[in-house]
1. Tell me whether segment 123-138 contains one or more residues that are in contact with a strand residue (DSSP E or B) (Cβ under 8 Å, 6 or more places away or on another chain), in a strand (DSSP E or B), exposed (fewer than 15 other Cβ atoms within 10 Å of the Cβ) and small (Gly, Ala, Ser).
2. Being assigned to a strand (DSSP E or B) and open to solvent by 60 Å² or more (accessible area, probe 1.4 Å) is the requirement here; does SER147 meet it?
3. I'm checking my understanding of the structure. Among residues of segment 82-99 that are touching a helix residue (DSSP H, G or I) at 6+ places or on another chain (Cβ under 9 Å) and surrounded by 15 or more Cβ atoms within 10 Å (Cβ to Cβ), which one is farthest from SER61 (Cα to Cα)?
4. For the structure I just gave you, tell me whether GLU85 is within 30 Å of GLU145 (Cβ to Cβ), touching a His at 6+ places or on another chain (Cβ under 9 Å) and not in a helix (DSSP H, G or I).
5. Among the residues in segment 73-81, are any over 19 Å from the mean Cα position of the chain (by Cα), open to solvent by 70 Å² or more (accessible area, probe 1.4 Å), farther than 16 Å from ARG115 by Cα and of a type in the set (S, T, N, Q)?
6. Taking segment 1-31, which residues are out of contact with any Lys or Arg (no Cβ under 6 Å at 6 or more places or on another chain), part of a strand (DSSP E or B) and open to solvent by less than 50 Å² (accessible area, probe 1.4 Å)?
7. Are there any pairs with C-beta distances below 7 angstrom linking a residue in segment 61-85 that is in contact (Cβ under 8 Å) with a residue 12 or more places away in the chain and within 21 Å of ASP23 (Cα to Cα) to a residue that is part of a loop (DSSP other than H, G, I, E, B) and open to solvent by 30 Å² or more (accessible area, probe 1.4 Å), with the two at least 6 apart or on different chains, and if so which?
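The values are calculated or read from the model by the stated rules, or taken from the named source; none is laboratory data. Note that the structure is a prediction, hence the values are computed from the model and not measured. In this analysis, Cβ positions are derived from the backbone assuming ideal geometry, glycine residues included, and neighbour counts consider all displayed protein chains. For accessibility, only protein heavy atoms count, side chains too; no ligands or nucleic acids. Shrake-Rupley method; radii C 1.70, N 1.55, O 1.52, S 1.80 Å.
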Amino acid sequence: MSTTQSERLRGLLEPLVSARDLDLEEVEVTPAGRRRVLRVVVDSDDGVQLDTCAELSRDISQTLDDTDAMGQTPYVLEVTSPGAERPLTEPRHYRRATGRLMRARLADGGELVARIVSVDDGGLDLEVPGVKGRKPTARRLAFEEISKARVEIEFNRKPADKLTEQAPETSVGDGGESKEEA
């Protein structure tokens, strides 16, 4: 997608997304045969409900129908949340992932898997899991030290973990639906 089209779509969609107290994370147009797919990724501190995505999809569709922003080529509109293994690119992403495990590629070439304990304007406080029975260690990481990061899915996280008690009671699933943790 050209930068001009991307900027135009972002400018057109941002007010619709903001009106629902959501953040517009990504606007992507990709070819799919004779059509294109317009993927709009939205998020918020409280996650994104399926009904909210459906309502926003209708609003975006109507707005796109009223303009020529997508041209005459057919397209499919997808409105979605970032998903469980979301990339972490903005401080707000790290803040929303507090209590979760992340995998980061560091600017110095290393890699780190750690739990996000807290986030501030300068970076992250992390808990690095201990190896072979050792206790976890604390580590501070500035945003500038991270070249790429994403949330890691945990299938066997123990509920007795101290961070579980401190983490928010709601979490976002793959489809953007909030669910209460037991």
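1. There is at least one residue in segment 123-138 that is in contact with a strand residue (DSSP E or B) (Cβ under 8 Å, 6 or more places away or on another chain), in a strand (DSSP E or B), exposed (fewer than 15 other Cβ atoms within 10 Å of the Cβ) and small (Gly, Ala, Ser).
2. So SER147 fits the description; yes.
3. Of everything passing the filter in segment 82-99, GLY99 is farthest from SER61 (Cα to Cα).
4. No.
5. Among the residues of segment 73-81, not one is over 19 Å from the mean Cα position of the chain (by Cα), open to solvent by 70 Å² or more (accessible area, probe 1.4 Å), farther than 16 Å from ARG115 by Cα and of a type in the set (S, T, N, Q), which makes the answer no.
6. If the condition is that a residue be out of contact with any Lys or Arg (no Cβ under 6 Å at 6 or more places or on another chain), part of a strand (DSSP E or B) and open to solvent by less than 50 Å² (accessible area, probe 1.4 Å), then ASP23, LEU24, GLU25, THR30 are the ones that fit.
7. If the second residue must be part of a loop (DSSP other than H, G, I, E, B) and open to solvent by 30 Å² or more (accessible area, probe 1.4 Å), the pairs left are GLY83/ASP174; ALA84/ILE153; ALA84/ASP174; GLU85/ILE153.
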